[in-house]
Amino acid sequence: MMGSASSSTIVVFLIAILAIGFLIFFFFIGSAIQLWLQAIFSGTKVGLLSIVFMRFRKVPPKLIVEAKITAVKAGIEISTDELESHYLAGGNVLRVVQALIAADKANIPLTFRRSAAIDLAGRNVLEAVQMSVNPKVIETPKVSAVAKDGIQLMALTRVTVRANIDRLVGGAGEETILARVGEGIVTTIGSAASHKMVLENPDSISKRVLEKGLDSGTAYEILSIDIADVDVGKNIGADLETDRAEADKKIAQAKAEERRAMAIAAEQEMKARVQEMRAKVVEAEALVPQAMAEAFRNGNLGIMDYYKMKNVAADTQMRESIGGQNPQAPKS
């Protein structure tokens, strides 16, 4: 009984080992054999061990084998190591292969190294090849500019560009093209003597902009610049003159207000001085009777002198009345 039990345990253990081995074989070797057979039947040379070891290098074998089969079927020879290296570098293997096939069909000279470099630079190499065959039209936003007569014009342009494969790595993108075209439009309209000249000959804008060589240093080649629409905007010159006149008016009003405030302050100061002088006169007049009484007591002033002084004051009052003034009578 003991022998039979141990024998059954051994059998179960062997069966488990065989099952695990089969699973390992199926996981690592079975799928690899399937891809290897697919490559052989497609006329592509990919080693079985190379497919197995791709998993250890953390490279998806299915992607690499299918990309190589696609390239070989299109008549393009690419080594498996190149495809693996590009994948490990973070590139898009399938897109690079598709770009090489599209370039080959369009008779565009493009190598795998250049295509991989363009892809690793962050550009869509397949779209670039397609743009080389079929140019792309970029519509710029409305660009506003002011002619010399002060009239604002708003131009809408369409720029036809073709990708330049040789300048895709390190070349500027569409944003640079749009910025340069916008700058050229502003310069051309701004140098026009009248907005009517621009409206009569809108093609003058595209001609002058094209003469500037705006595609230098970019990843594109400008084929044409077409003016789609030109609208007349505000009279900027008149608005500026109005704003300037309004500003001058406010400055003049401020200066006039300043002068008025200074005049009021001077008038107030003068009134204060007059009031001060009147107070002193009233104070002095209040001391006159005391001084006269003191003079009478001391004998320095006689009664005849007093009457003479009264006569002089009456005579002065009469003369002032004749002269049209109305002074108050002096106090005795």
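Considering the stretch 41-50 alone, what residues qualify as being open to solvent by less than 80 Å² (accessible area, probe 1.4 Å) and either in contact (Cβ under 8 Å) with a residue 40 or more places away in the chain or in a helix (DSSP H, G or I) (or both)?
Hits for the stretch 41-50 are LEU48, SER50.
Only residues in the stretch 215-232 that are under 13 Å from ARG162 (Cα atoms) count as the first member; pair them with residues that are part of a strand (DSSP E or B) and open to solvent by 50 Å² or more (accessible area, probe 1.4 Å), Cβ under 6 angstrom, at least 6 apart or cross-chain, and list the lot.
ASP215/GLU221; GLU221/ARG162; LEU223/ARG162
With the structure loaded, tell me whether VAL133 is of a type outside the set (Asp, Glu), at pLDDT 80 or above and within 29 Å of ILE78 (Cβ to Cβ) or whether it fails that test.
Yes.
Take the residues in the stretch 232-275 that are in a helix (DSSP H, G or I), among the β-branched types (Val, Ile, Thr) and at pLDDT below 85, then tell me which one is most open to solvent (accessible area, probe 1.4 Å).
For the stretch 232-275, the residue satisfying everything is THR242.
Take LEU83 and decide whether it is at pLDDT 75 or above and buried (at least 16 other Cβ atoms within 10 Å of the Cβ).
For LEU83, the condition - at pLDDT 75 or above and buried (at least 16 other Cβ atoms within 10 Å of the Cβ) - is met.
So in the stretch 177-231, with the set limited to residues that are open to solvent by 70 Å² or more (accessible area, probe 1.4 Å) and in contact with a helix residue (DSSP H, G or I) (Cβ under 7 Å, 6 or more places away or on another chain), which one is nearest to PRO135 (Cα to Cα)?
ASP226
Yes/no per residue for (1) under 24 Å from LEU156 (Cβ atoms); (2) β-branched (Val, Ile, Thr):
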{"site": "GLY213", "(1), (2)": "yes, no"}
{"site": "SER216", "(1), (2)": "no, no"}
{"site": "VAL230", "(1), (2)": "yes, yes"}
{"site": "ASN235", "(1), (2)": "yes, no"}
{"site": "ASP248", "(1), (2)": "no, no"}
{"site": "ALA254", "(1), (2)": "no, no"}
{"site": "GLU257", "(1), (2)": "no, no"}
{"site": "ALA263", "(1), (2)": "no, no"}
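Checking the condition touching a Gly at 6+ places or on another chain (Cβ under 8 Å), farther than 16 Å from ALA228 by Cα and buried (at least 18 other Cβ atoms within 10 Å of the Cβ), which residue from ILE165, ILE151 passes?
Of ILE165, ILE151, the one residue that is touching a Gly at 6+ places or on another chain (Cβ under 8 Å), farther than 16 Å from ALA228 by Cα and buried (at least 18 other Cβ atoms within 10 Å of the Cβ) is ILE151.
Do any residues in the stretch 106-117 that are on the phi > 0 side of the Ramachandran plot have Cβ atoms under 9 Å from those of residues that are in a loop (DSSP other than H, G, I, E, B) and open to solvent by less than 100 Å² (accessible area, probe 1.4 Å), where the two are at least six apart or on different chains, and which pairs are they?
The qualifying pairs do not exist here.
The values are calculated or read from the model by the stated rules, or taken from the named source; none is laboratory data. Predicted model, so just to flag it, every value in this text is computed and none were measured. Neighbour counts are summed over all protein chains in view; Cβ atoms, including those assigned to glycine, are modelled from backbone coordinates with ideal geometry. Calculation scope for accessible area: heavy atoms of the full protein, side chains included, ligands and nucleic acids excluded. Shrake-Rupley method; radii C 1.70, N 1.55, O 1.52, S 1.80 Å.
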